[in-house]
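The values are calculated or read from the model by the stated rules, or taken from the named source; none is laboratory data. These numbers come from a predicted model, not from an experiment. Glycine gets a Cβ as well: all are built from the backbone with ideal geometry, and neighbour counts include every protein chain shown. Accessible surface is based on the protein model in full, side chains and every heavy atom, while ligands, DNA and RNA are left aside. Shrake-Rupley method; radii C 1.70, N 1.55, O 1.52, S 1.80 Å.
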Amino acid sequence: AMMDPLRDEELAPLPAALQEKAAESWRSLMDVEDPALLARFETYRAGIIQAIARSDFLFEQLRRHAEVLEPVFEADQLERPWCPGEIRADWDAQQPHIQAEGALHKVLRIFRRRWMFRIVWRDLLGEADLEETMGAMTELADACIDGAVTWLYAESCREWGTPMGTDPVTGEHTAQPMLVIGMGKLGAGELNLSSDIDLIFAFPASGETEGARRSIDNQVFFGRLGQKVIRALDQTTADGFVFRVDMRLRPNGQSGPLAMSFDALEAYYQNQGREWERYALIKARVVSGPNEQAGYLQQLLHPFIYRRYIDFSAFESLREMKKLIRREVRRRSLESNIKLGAGGIREIEFVVQAFQLIRGGREPVLQQRRLREVLSSLSAMELLPEEVVADLDRAYVCLRDTEHALQGIADQQTQTLPSDEVGRSRVALILGYPDWESLAEDLQRHRDRVNGHFADIIALAEDD
């Protein structure tokens, strides 16, 4: 099976700046030795031309890991939208075969590579909308976190005994599970293509382990387990990494214990919790751990996040946050950053979460995690004018789609618009614009509107 070089009529629809790149990438795919793979490439020829024009990440996967991707091609998964539950079911099929910690690391990384290929392919070729991409990415992270925790917990119990304690939910003396809280976009189900994940580790009750030669304190057990979980996800090996893990949002940040009991968490948030921590916890969701304990933990955090009255104390701290955001925009010239720059994603999030902090206690409908759902509630409750909500929603979709385009090109965590011609041609092509200028104009229009609404926000909320 020989593949033919790309023909002029196949290259012609691509922007001029990308034609040579696509031709060159295709030539290096033709060097693959495996005839079955070459035949597969030939079958997917039209899609692959589009993929390698858009993304170095997709090209690298095809060139170096095509055998890993075989099941993706085999089952025509690229044509099919992701269905909720599909990624978890796929992980459940892998899990029984894992015998050792090293194998867990390897299986997780190959699993991530296969799913990332499919998610990035569908997003960059315009097959998936924003909701599908965010949903699939979130489920991928959930499955990997929960998969790592489940496997490593069982292994740790064999090594150090099972952590026991008086369960706050049932009141019984029983084995204590590990719970993982996902923060930010992971918690909200809005994860992007190349995000790190912000986690907090918790366990229901203190006590010590039973069933090993030497028992250890639950605190020690869960601290060690937490370190193993971080390594399983975060460490870069020959097979890559799974997700970069950030633990700095936990109580007391870097200097705090890696895992805390429910009591310790509750005491911390009640006595020392700061406004920005309330702001961050709006999106918090338990991503791994038994349902009963997860529900209990969410209830525990609830009164700290949402005050029962309209919360005027939050104004001052929101004003401070707003000042910080503005100062940072001015200090680090962030014009080309679509997340942190003026009129970027962070300003939309601020507008929405300011209303959640101030009014969420009184209005349960504002206690949702997903930004677009909260936006439509703000409009329904007439807390924001309909046209403002429409502006913010459209800008959010456009900016998040752009962010995915930027990140899918090289599987890199970036929010900065490219300044080179190839980069710009790629982003315009991915987002369906005829050229960079028309995309840049659209982005600027969205960002100007967002920045205007951001400027109004705390003033608005105080008028009533």
- Query: Restricting to helices (runs of 4 or more DSSP H) lying wholly in the stretch 1-90: which have 2 or more residues that are closer than 30 Å to W436 by Cα?
  - Reply: 8-11, 16-30, 45-54, 56-74
- Pairs where the first residue, in the stretch 211-231, is more than 10 Å from L258 (Cα to Cα) and of a type in the set (D, E) and the second is assigned to a loop (DSSP other than H, G, I, E, B) and open to solvent by 70 Å² or more (accessible area, probe 1.4 Å), C-beta under 9 Å, 6+ apart: D217/S206
- Just give me the residues in the stretch 414-440 being assigned to a loop (DSSP other than H, G, I, E, B) and hydroxyl-bearing (S, T, Y), in sequence order. T414, S419, Y433
- Restrict the check to the stretch 75-83 and report whether at least one residue is touching a Cys at 6+ places or on another chain (Cβ under 9 Å), surrounded by 14 or more Cβ atoms within 10 Å (Cβ to Cβ) and among the aromatic types (F, W, Y). no
- Message: Residue pairs, Cβ under 7 Å, 6 or more apart or interchain, first in the stretch 339-367 and of a type in the set (S, T, Y), second open to solvent by 10 Å² or more (accessible area, probe 1.4 Å). List them.
- Response: none
- Message: Contact list please: Cβ distance under 9 Å, first residue in the stretch 9-26 and more than 14 Å from I430 (Cβ to Cβ) and surrounded by fewer than 17 Cβ atoms within 10 Å (Cβ to Cβ), second residue at pLDDT 95 or above and of a type in the set (S, T, Y), pairs at least six apart or on different chains.
- Response: A16/S425
- Please find, among Q254, Q298, the residue that is farther than 30 Å from G361 by Cβ, open to solvent by 50 Å² or more (accessible area, probe 1.4 Å) and either charged (D, E, K, R) or under 24 Å from the mean Cα position of the chain (by Cα) (or both). Q254
- Task: Hey, could you check the stretch 121-155 for residues that are closer than 18 Å to H97 by Cα and small (G, A, S) and say which is farthest from the chain's Cα centre (by Cα)?
- Result: A154
- Message: Go through the stretch 113-129 and report how many residues are over 12 Å from H404 (Cβ atoms), of a type in the set (D, E, K, R) and part of a helix (DSSP H, G or I).
- Response: 3
- Note on the structure: When V287 is run through (1) in contact with a Lys or Arg (Cβ under 8 Å, 6 or more places away or on another chain); (2) under 30 Å from D401 (Cβ atoms); (3) touching a residue at least 24 places away in the same chain (Cβ under 8 Å), the failure sits at (1)
- Item | Top-ranked residue of the stretch 347-381 - restricted to ones that are open to solvent by 50 Å² or more (accessible area, probe 1.4 Å), under 19 Å from H453 (Cα atoms) and not aliphatic (A, V, I, L, M), ranked as nearest to the chain's Cα centre (by Cα) | R372
- Qualifying positions in the stretch 382-393 - closer than 26 Å to H302 by Cβ and surrounded by fewer than 17 Cβ atoms within 10 Å (Cβ to Cβ): E382
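Filter the stretch 323-346 down to residues that are closer than 19 Å to L399 by Cβ and not in a loop (DSSP other than H, G, I, E, B) and give me whichever is most open to solvent (accessible area, probe 1.4 Å).
Result: R326.
Do the conditions hold for Y396, that is, is it part of a loop (DSSP other than H, G, I, E, B), within 27 Å of the chain's Cα centre (by Cα) and surrounded by 15 or more Cβ atoms within 10 Å (Cβ to Cβ)?
The answer is no for Y396.
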- Message: Looking at (1) modelled with pLDDT of 95 or more; (2) outside any helix (DSSP H, G or I), which one does G408 not meet, given that it meets all the others?
- Response: (2)
- Item | Residue check for E363: of a type in the set (D, E) and modelled with pLDDT of 95 or more | no
- Message: Every residue in the stretch 124-168 that is of a type in the set (V, I, T) and free of Cβ contacts under 8 Å to residues at least 60 places away in the same chain, please.
- Response: T138, T162, T166
- Return a yes/no flag: does the stretch 164-179 have any residue that is of a type in the set (A, V, I, L, M, F, W, C), surrounded by fewer than 20 Cβ atoms within 10 Å (Cβ to Cβ), farther than 30 Å from D129 by Cβ and modelled with pLDDT under 95. yes
